[in-house]
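Visitor: Structure in structure tokens, see below.
Read-outs throughout are calculated quantities, based only on the coordinates presented, and are distinct from any laboratory measurement. Since the model is a prediction, treat every value here as computed from it, not as a measurement. Every residue, glycine among them, receives a Cβ derived from its backbone with ideal geometry; neighbour counts consider all protein chains shown.
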Amino acid sequence: MAIPAPMRSTGPAGRAAGWLAAWGWYGLAGLACLALLAINDGPLFYFDTGGYLAQGRSMFNVLGLLPGSSTAPGAAETAHAISADGTVVASRSATYALFLMGLYQTLGLGAVPMVQSALLILSVYLAVRVIARLHAPGLDVPRTTALAVLAGCLGAAPFYTAYLMPDIFAPVLILSAALLAVAAPALRGWELLLTLGLGIFAVTTHPSHAGIATLMVPAAAVLGALFRIRRFWIGVALIALIALAAAAERAAFSLTVKSVARADVTYKPFLTARLIEDGPGWAYLTETCPDPGLESCALREAIDGQPQRMYASDILYSTDEAHGSLARMPLEQQKRIAAEQARFAELVVKSHPFGVAAAVLRNSARQLVHISVAMTLPVDEMGARVAALTGYLPAALAHARLTEIPAWLGWLDAAHGALYLASAAALAALTALPGSALPAALRVLALMVVAGIVANAGICGALSQPADRYGARVLFLLPLTAALLWIVSRRRRVVDAFGSREG
């Protein structure tokens, strides 16, 4: 016996009630995402928020988008974007800098958390509506979307939607890639455009997102083949397209800087610093230097006998005499060391392959257990550090309440840890147990989310540095995905109990 379709009023009153109910659920999800905006009395921010604002202002100046701005190359220098030797450090995303400055100039910084929340909710909504159409007929899309988002908001989601940094777009990228991996051929035209658009925007908002997208390509291929997802290669190709968009954005940024601002582009030598702190890079320098053909030998000289200078963050940023090394060198020398980081990494991997592999695994594992939201809070005189980078402190950031570590943070981190463990166990049960009533495609969706979390740990922990900020930004996907699939599983059990409505 087929389960009867629910009785719905098709009159104006019925449609209005349905519309109000739907937007009520979406509004509830939005309020949950904005909880920390209210608690802090403004957006959360990091010192590098000032760097993005400075870069965004310089780009607006160069493009003539600010009142009284000039398109002359010197205009960018007013925002400290171009160093004294005519170099732009391109380690920050131009996409997020423009996004942040664009909202700042039009709606104010308070609008940024609202837009970021809306984009997160949109990424969940797209997944839910496609799941409802393909695998769970009759599923209430607004309610399911809201409940999944609310589950994520029990974790770290509200901290990252309110955070004026690009981290919230890592989970948006993972959700978009997971949806493409399992349903790309079945997406309607506008669904495909929106999912691709979200993925492409998200992947260009932070350099680490390009690595996550790249690692999710083979994950989609393996899982699609293993679970026999129909025409899975289409999703694989689209995720690869998203990954390539990150490279295209970097190329476009470099071309723009060189042609418009008349400056050279360089990157911080993250790989070199990471390999030195982990040990294999330092061992290679010790064995090889002095070598006139290896610019990184200068770091061997600067760090030797000073173990406090071995940390990657100090190598890259410290300028004080006790901890500084790279940042205290002449700018031209810094550029040469940065330019050879890929070659240096290749040499180290060839010389110490097992040491590098062990360091990657160790740092990835460490990153997976970094779950605190502490780095999203504007403590440690963060306002003064933003002002130092921008020359001013935006009014929206001046009244932050969470300027010290709150007493409840330890309890919250413990609660988040328990939530993430329980969610991981629930996901394992939903994907591994036959009684979960989930089809192969939804099991792959869950596994793709987990693959994205692992990829995030590998990219951020192994290539940058294990940090709470990078871990907590994606782990709330565990309760979000677990809640979504549990609701779908229940819906499918109800349908199966009365006869399938599918097909």
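Visitor: Kirkwood Rh, segment 265-368, all Cα pairs: how many Å?
Guide: 13.7
Visitor: Which ³J(HN,Hα) values in Hz, rounded to whole numbers, follow from the phi angles of segment 409-425 under the Karplus curve 6.51 cos²θ - 1.76 cosθ + 1.60, where θ = phi - 60° and Gly and Pro get x?
Guide: Result, rounded to whole Hz: 5, x, 5, 5, 4, 5, 5, 4, x, 5, 4, 5, 5, 5, 5, 4, 5.
Visitor: So what is the orientation-averaged projected area of the chain, using the convex hull of its C-alpha atoms, in nm²?
Guide: Hull-based average projected area comes out at 26.1 nm².
Visitor: Given a cut-off of under 8 Å on Cα pairs at least six residues apart, what relative contact order in percent is computed for the chain?
Guide: On the way: 783 pairs, mean separation 116.5, N = 503.
The normalised contact order for the chain reaches 23 percent.
Visitor: So, one more: Helix 353-368 versus the longest principal axis of the chain: what angle, 0 to 90°, nearest 10, using Cα atoms?
Guide: The angle comes out at about 50 degrees.
Visitor: Enter the mean projected area of the convex hull around the alpha-carbon atoms of segment 162-204, in nm², rounded to one decimal.
Guide: Values: hull surface 12.4 nm².
About 3.1 nm², averaged over all directions.
Visitor: Using only Cα atoms, tell me the angle between helix 111-135 and the longest principal axis of the chain; keep it within 0 to 90° and round to the nearest 10.
Guide: Tilt of helix 111-135: around 40 degrees.
Visitor: Another question, if that's okay. Sorted by average packing, counted as other Cβ atoms within 10 angstrom per residue and highest first, what order do 397-410, 332-345, 295-308 take?
Guide: Per-residue mean Cβ counts within 10 Å order the peptides as 332-345, 295-308, 397-410.
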